[in-house]
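The values are calculated or read from the model by the stated rules, or taken from the named source; none is laboratory data. From a predicted model like this one, the values you see are computed outputs, not experimental measurements. So basically every Cβ, Gly included, is an ideal-geometry build from the backbone, and we count neighbours across all protein chains shown. For accessibility, only protein heavy atoms count, side chains too; no ligands or nucleic acids. Shrake-Rupley method; radii C 1.70, N 1.55, O 1.52, S 1.80 Å.
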Amino acid sequence: MSEPETVVGACHRQNTDIRIRAAKLATALRASGVKAGDAVALIARNDFVCIETALATQQLDSFAVPVNWHWQPPEIAHVLKDSGAKLILAHHEYLPMLRSVIAKHLTSDVRVVAVRPSWAPDSRVPPGLADIADYDAWIDAQAPAESRGAGRGSSMIYTSGTTGRPKAVRRLPANDAEVQQRRELLELVYHAQPGKVALVTGPLYHLFSLAVAMANFGAGASVIIMQRFDAEEFLRLVERHRVTTAGLVPTMFVRLLRLADEVRKHYDTSSLEFAAHTAAPCPPEIKRSMIDWWGRILHENYGCSETGVVTLISSEEWLAKPGSVGRPALSGEVRIYGEDGRRLEPRKVGDVYLKMHGSPDFTYHGDDEARAKVGRDGLVAPGDIGYLDEDGYLFLCDRRTEMLISGGVNIYPQEIEGALLSHPEIVDAAVFGIPDADLGEVAAAHIQRLAGSMLDAQAVLSFLTPRIAKYKLPRRIVFETALPRQENGKIYKRSLREPYWAGHERRI
């Protein structure tokens, strides 16, 4: 069997080399004062340094903090200050912004190390910032660290901050039994096995993409990392590298299905054995179309940053239970609670609570009060509304913060979005509540059409009418060139919703 390698764009690196570089990074971090429990921030696009940082911080029992580089300077400043990052690794393009952020917002003497992007090995630090250390020279001068760590460190992921300031999920130390269960779960969720070839499609600042990469890397698989998702490029990479395993989010399925038939048929995807998907609800018609195309290789998982994966469902199970996100895996547990705090019986809709027993607990970094608010009977509320059927399968209705109440009736935007995305000329859709003098609020839909489509609002309503109840039909339809959706599958509805609610009393 050939040596596993990791590929970013056209750049290849043997996995053994990455481990050596990570061990040198661990030594360099320790020499810079990073110790167990400390945070190391990383502001970089998808690159080898993302894996090296994750491995090095594990070795030191410290925390890697991947920063969403889409965020604005004040948001990044909050993460750096809140995490107490002792050191920042950053691609060259972010250095001027970082220097400004540190000068304006941080009082501590935080060190910055400049990382050359692997696709631009000859790039130089911007003028005026020559005092910043060069990552490659910095770690090359070190001997590899030998300690493996005690399992106390991990990645500390900050939430997107769409409903407030980003907050960090920080894992408590894991014992041996918890470490072993995590290994078993990773193999189930991501098909992580030696000799496989895994394709990572999303940004590595997002937990799902990072987990796909690290689980497969750790299992001895080769890892292909896309710098940015493109539907046809995905198919090309699958064919070229004989990819066996891929991690995707539903918006990627939509973009793949919207490719012309001749493009889809041009590429050989027969090597695919396992496609994991999560991060957002997948409209049933979209998932069914993907199963028709790729076969029964889709495996959905559901959980949250706080709990990790809790439920799983195979294609076979999903075809029998369309719309479900599965049953608890291993020692997982799901409960549904009503507004009165009582546990609900099957088919009754309420707040979803989760727990993967035998996994290390968490807290929100620096905010124990917020941690206490999301718990009930030892379980955690991810903010979703749903129900369990008689067989214990979980079905999600929507996010609690997304649900709208129109004339006293609950409307779940997720259902309307699913119907919209089943239209062959609709690429993306966001549905949310807007104010209405008579009903309190009604549904609005912002839609991205397929390039060249002449679809109008009346045609959209005609398409929806036989598919959803009349009271759920959007009262306002707006066509957008693109919707504010992140590469991790999350859509930022807040920016779309805010203008409608200006001057109205409503939490947006």
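Excluding R400 itself, calculate the net charge of residues whose Cβ lies under 10 Å from the Cβ of R400, where each Lys or Arg counts +1 and each Asp or Glu counts -1.
Overall, the nearby charge balance is -3.
With every protein chain left in place and a probe of 1.4 Å, what is the accessible surface of K472, to the nearest 10 Å²?
30
With labels modelled as points extended 7 Å from the Cα through the Cβ direction, what inter-label distance (nm, one decimal) is found for K373 paired with S123?
My value for the distance between the label points is 3.8 nm.
Gap in Å between the Cα centre of segment 285-324 and the Cα centre of segment 111-127?
Measuring centre to centre over Cα atoms gives 40 Å.
I'd like the accessible area for M290: 1.4 Å probe, protein heavy atoms, all chains in place, Å² to the nearest 10.
0
Sorted by accessible area with a 1.4 angstrom probe, largest first, how do K348, K196 fall?
So the residues, ranked largest to smallest area, are K348, K196.
Rounded to the nearest 500, what is the chain's calculated 222 nm mean residue ellipticity when only DSSP H runs of at least 4 contribute -39500 (n - 2.57) each, over all residues?
Using -39500 (n - 2.57) per qualifying helix, the result is -9000 deg cm²/dmol.
Would you work out the relative contact order for the chain, in percent, from Cα pairs under 8 angstrom that are 6 or more residues apart?
Relative contact order comes out at 11 percent.
Before anything else, pin down the relative contact order of segment 222-374: Cα pairs under 8 Å, at least 6 apart, normalised by residue count, whole percent.
On the way: 210 pairs, mean separation 22.4, N = 153.
The normalised contact order for segment 222-374 reaches 15 percent.
Karplus couplings for segment 3-9 from phi (6.51 cos²θ - 1.76 cosθ + 1.60, θ = phi - 60°), rounded to Hz, Gly and Pro as x?
5, x, 9, 10, 10, 10, x
Around A145, which amide H atoms from residues at least 5 apart in sequence, or from another chain, sit under 5 Å from its own amide H, with H modelled in the peptide plane?
Amide H neighbours of A145: K24, A26, T27.
What does the charge count around W318 come to, taking other residues whose C-beta lies under 12 Å from its C-beta (Lys +1, Arg +1, Asp -1, Glu -1)? Walk me through the numbers before you get to the answer.
On the way: positive: K287, R288, R296, K321, R327; negative: E300, E316, E317.
The answer is +2.
Could you list which residues have their amide H under 5 Å from that of G326, counting only those 5 or more apart in sequence or on another chain, with H placed in the peptide plane?
Those lying under 5 Å, H to H, from G326 are L394.
Taking the Cα centre of each part, how many Å lie between segment 345-389 and segment 10-36?
36
Could you rank the peptides 56-63, 139-146 by their average count of other C-beta atoms within 10 Å per residue, with the highest value first?
Taking the mean over residues of other Cβ atoms within 10 Å, the ranking is 56-63, 139-146.
Not counting ligands, DNA or RNA, and with a 1.4 Å probe, what is R476's accessible surface area in Å² rounded to the nearest 10?
120
Give, in nm to one decimal, the length gained when the segment between D436 and E498 is fully stretched (0.36 nm per residue of separation minus the Cα-Cα distance).
20.9 nm
Could you work out the local net charge near H365, counting Lys and Arg as +1, Asp and Glu as -1, over the other residues with Cβ closer than 10 Å to its Cβ?
0
At 1.4 Å probe size, with the rest of the protein present, what percent of the exposed accessible area of the chain is carbon and sulfur atoms?
49
Bin by bin, in steps of 20 Å, what percent of the Cα pairs in the chain do you find, going until the bin that has the longest distance?
Binned Cα distances yield the sequence 21, 56, 22, 1.
For segment 64-77, take each phi angle, set θ = phi - 60°, evaluate the Karplus expression 6.51 cos²θ - 1.76 cosθ + 1.60, and give the result in whole Hz per residue in order, putting x for glycine and proline.
Here the 3J(HN,Hα) series is 7, 10, x, 9, 5, 6, 6, 5, 7, x, x, 5, 5, 4 Hz.
Could you provide, to the nearest whole Å², the per residue accessible area of the chain with probe 1.4 Å?
44
If we restrict to alpha carbons, what Rg and Dmax does segment 135-275 come to, in Å?
Final numbers for Rg and Dmax: 17.9, 53 Å.
What translational diffusion coefficient, in µm²/s and rounded to a whole number, does the Stokes-Einstein relation yield for segment 78-126 at 37 °C and a viscosity of 0.692 mPa s, taking the hydrodynamic radius as the Kirkwood radius over Cα pairs? Walk me through the numbers before you get to the answer.
Values: Rh = 11.6 Å.
Estimated via Stokes-Einstein, D reaches 284 µm²/s.
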